Amino acid sequence: MAQTHRPDCSENYVGSSEAMDAIHGVELLWKRSLENCGMRFTIVLSDGDSKTCQHLLELDVYGDSMKIPKEECLNHVTKRIGTGKF
């Protein structure tokens, strides 16, 4: 018989698996960076997924004083140009 997670278990996630992979993972990394490593991320290198970048902006992890710029991965930009998907 399969066990279920406790209601307060950090393994529980509500949302799509797509969102869990990108958005939830990035959120965990960014929130832990200052606390666990004493560092801040200063740029987002994106594959064109605006949902993840938008989520980070909404989280405002480092406060209003720290705006995080988004840069596109050159390989993904080149691929989109080649397929006509801008």
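Quick notes
- Dimensionless Rg/Rh of segment 19-81 - Kirkwood Rh, Rg from C-alpha atoms: 0.99
- In order along segment 31-43, the Karplus-derived 3J(HN,Hα) couplings, from 6.51 cos²θ - 1.76 cosθ + 1.60 at θ = phi - 60°, round to 5, 7, 4, 6, 5, 8, 10, x, 9, 10, 6, 10, 7 Hz, and Gly and Pro are given as x.
- For Ser46, residues with placed amide H under 5 Å, excluding near neighbours: Glu71, Glu72, Cys73
FYI, it's all coordinate maths here, none of it is from the lab. No experiment lies behind these values; they were computed from the predicted model shown.
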